[in-house]
Amino acid sequence: MNKIDSKLGRAALFSFLKEKSPLGPLKILANHIGYFFQIPMPMFKPYVVFGAQANKKVLVTERDKVLWRNTDPVTDLLGQGVLIVDGDEHDHYRKLMEPSLHASRLPEYTASMISQTDRVSSQWRDGEIVDMLVESRKIALLIIMDTLFSKDVWDDLDKIWKPVLKSIQYISPGAWILWRKIPRFGFRKPLKELDDYLFGIIEERRKKKDWKVESGKSDLLQHLIDAGLSDKVIRDQMLTMLIAGHDTSTALLAWTFALLGQHPEIHQQVVNEIDKTNDLERVPLLDNVIKESLRLYPPIHIGNRRIAQEMDFDGNKIPKDERLFYSIYLTHRDENVWENAQSFCPERFSSGKKPAGLSYVPFGGGPRVCIGATFGQVEARVVLSYLLKKFMFEFTNHKIHPHMGATLEPRPGVMMKVKRRKLSVNSNQYKEIK
Ligand code: HEM
């Protein structure tokens with residue numbers, strides 16, 4: 001492995017200051033060193049790998065040599081959540097949750113995706129400038145709570161907004177990376193409020209013994225209750241799904257609006273495509289735009305692992321207990337794989353061209369691939385097509401940079417002037433979408 005000398009260190013630092021994000025230095029280190037390097041921070045020296053070959057090792061062939069569970073704040077927050085447990089415990093929770101996120105459930109979730117999008121967007125005044133980062137979060141939050149827990153949080157948005165943002169901030173990178181035990185103020189109260197809210201939902205449901213018969217449906221929450229899990233473990237899974245299932249979609253929607261705003265020609269082509277069809281199974285350009293948005297700005301830009309057994313990447317060894325990141329961002333921006341890797345170019349996904357192996361991993365891969373991958377993609381397609389059909393979006397041309405929070409977010413936001421279009425939307429067209 002090439003070492004990081006002082007010249008390279010300076011270039012990385014300069015790029016950090018210029019791009020206001022650690023993604024700049026990561027690109028510099030990847031360009032100068034290659035597919036394997038170590039970040040020499042004081043007290044924290046994670047290894048970084050990227051590219052199809054390394055991804056395959058971490059996600060598939062040698063996945064038994066890594067652990068998902070770490071000692072980060074995310075572990076403190078999510079407890080026994082499916083995202084951060086290993087082995088049989090993980091497989092048990094995952095198996096319990098998969099049916100609720102299976103593609104066959106998607107048609108019934110579509111109605112909720114539309115009505116929640118409609119609720120949020122009906123608040124917009126004609127000609128108003130809205131922040132699509134904030135609006136996307138409202139939509140995604142309403143959708144995840146309604147579809148998985150049958151909880152309408154519309155009237156509670158004000159109450160849970162800050163606790164939700166605080167929980168995301170709690171697990172976002174910060175000084176705790178270098179000093180794990182650094183005192184963290186301002187979290188205890190909002191995190192407790194969010195916990196109380198989730199425990200309240202569980203309690204309410206437990207009291208309704210005939211809920212399934214009366215409502216004529218089932219949902220993830222009911223499934224977890226029927227499986228005999230304790231309130232604490234159900235809370236862990238709910239919070240995991242709440243965060244993993246809405247912060248990612250928020251970022252995807254917001255980045256897609258930003259990219260469309262920055263590329264008016266493609267934006268117009270997408271609008272034309274949506275206007276022409278009543279069949280949301282056939283919106284190839286929109287689908288390619290979503291795929292390209294996930295390539296350039298993958299909401300989860302790294303996978304975080306702890307080495308359980310020494311690993312070897314082309315002769316570079318990582319000892320047990322070290323930290324390993326597989327970088328989705330660097331994988332997606334690899335010039336050796338992607339033509340014009342840094343450019344927004346949705347047509348690269350056209351005519352069914354499939355990226356080779358694990359060189360495209362917005363949802364991870366292997367047995368622990370994102371459980372909500374289909375949900376997230378259908379949601380993006382439904383929400384975007386609905387909004388683009390109902391509104392004209394005009395980008396205000398401000399500067400945006402990727403911010404490394406729990407997800408990769410467009411900061412300071414995506415400010416769009418919205419104007420209602422004359423076209424009416426036939427909501428039947430969304431019903432059969434899968
Ligand atoms: C655009 C949307 C989404 C993106 C880009 C995304 C991305 C990812 C990625 C990259 C992973 C694997 C991380 C790793 O290897 O360390 C993952 C795992 C996961 N995602 Fe998603 N996700 C999205 C939507 C969702 C939704 C909607 C849900 C829930 C409804 C969800 C729940 C989860 C869970 C529970 C895991 C852990 C799975 C396991 O370890 O077995 N995600 N996601």
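Any read-out appearing in this document is the output of simple, stated calculations on the displayed coordinates, not a laboratory observation. Fair warning: this is a prediction, and the values are worked out from it, not measured in the lab. Cβ sites come from the backbone with ideal geometry, for glycine too, and all protein chains shown count toward neighbours.
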Query raised in the report: In nm, to one decimal, how far is the Lys45 label point from the Asn272 one, both placed 7 Å along Cα→Cβ?
Result: 5.6 nm
Query - Cβ charges +1 (Lys, Arg) and -1 (Asp, Glu), total dipole of the range 296-434, debye - result: 980 debye
Query raised in the report: What is the calculated FRET efficiency for Glu310 to Asp88, with r their C-beta to C-beta distance and R₀ = 25 Å, to the nearest 0.05?
Result: 0.60
Query raised in the report: Given Cα pairs under 8 Å that are at least 6 residues apart, what percent is the relative contact order of the range 14-82?
Result: 13 percent
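What percent does the relative contact order of the range 191-271 come to when contacts are Cα pairs within less than 8 Å and at least six residues apart?
Details: 21 pairs, mean separation 21.7, N = 81.
Relative CO of the range 191-271 lands at 27 percent.
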Report task. Just name one of His246, Phe149, Ser21: the one whose Cα is farthest towards the positive end of the charge dipole of the chain (beta-carbon charges, Lys/Arg +1, Asp/Glu -1). Result -> Ser21
**Report entry** Value of relative contact order over the range 137-226, rounded to a whole percent, pairs C-alpha under 8 Å and six or more apart
**Finding:** 34 percent
Query raised in the report: Which of these, Ser351, Ser15, Ser359, has the largest mean-square fluctuation under a Gaussian network model of the chain (Cα springs below 10 Å)?
Result: Ser351
Report summary line: Which of His92, His267, His332 fluctuates most in a GNM of the chain (C-alpha springs under 10 Å)? That residue is His92
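What FRET efficiency comes out for the pair Glu204/Thr61, r = Cβ-Cβ distance, R0 = 51 Å, nearest 0.05? Could the numbers behind the result be given before it?
Numbers: r = 45 Å, r/R0 = 0.88.
Efficiency computed from Cβ-Cβ geometry: 0.70.
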Report summary line: Pairs over 24 Å Cα to Cα, from Lys7/Lys320; Lys189/Lys417; Lys151/Lys417; Lys57/Lys354; Lys27/Lys162, come to Lys7/Lys320; Lys189/Lys417; Lys151/Lys417; Lys27/Lys162
Query raised in the report: Once label points are set 7 Å from the Cα along Cα→Cβ at both Thr71 and Asp152, what is their separation, rounded to one decimal in nm?
Result: 4.7 nm
Query raised in the report: For the chain, modelled as a Gaussian network with Cα springs under 10 Å, which listed residue fluctuates most, Met41, Met404, Met132?
Result: Met41
Query raised in the report: Using 16 Å as the cut-off for backbone N distance, which residues of the range 384-411 belong to the label zone defined by a point 7 Å from the Cα of Asp118 along Cα→Cβ?
Result: 384-391
Query raised in the report: Going highest first, how would you order 306-315, 362-371, 103-112 by mean Cβ packing within 10 Å?
Result: 362-371, 103-112, 306-315
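Between Phe187 and Asp226, what is the FRET efficiency for a Förster distance of 41 Å, r being their Cβ-Cβ separation, to the nearest 0.05?
Calculated transfer efficiency: 0.80.
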Query raised in the report: Roughly how big is the chain's charge dipole about its Cα centre, with Cβ charges of +1 (Lys, Arg) and -1 (Asp, Glu), in debye to the nearest 20?
Result: 780 debye
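Which pairs in the list Lys56/Lys217; Lys159/Lys209; Lys45/Lys181 are over 29 Å apart, alpha-carbon to alpha-carbon?
Working: Lys56/Lys217 39 Å; Lys159/Lys209 27 Å; Lys45/Lys181 17 Å.
Violating the 29 Å limit, Cα to Cα: Lys56/Lys217.
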Query raised in the report: Any idea how far the Cα center of the range 307-378 sits from the one of the range 143-200, in Å?
Result: 28 Å
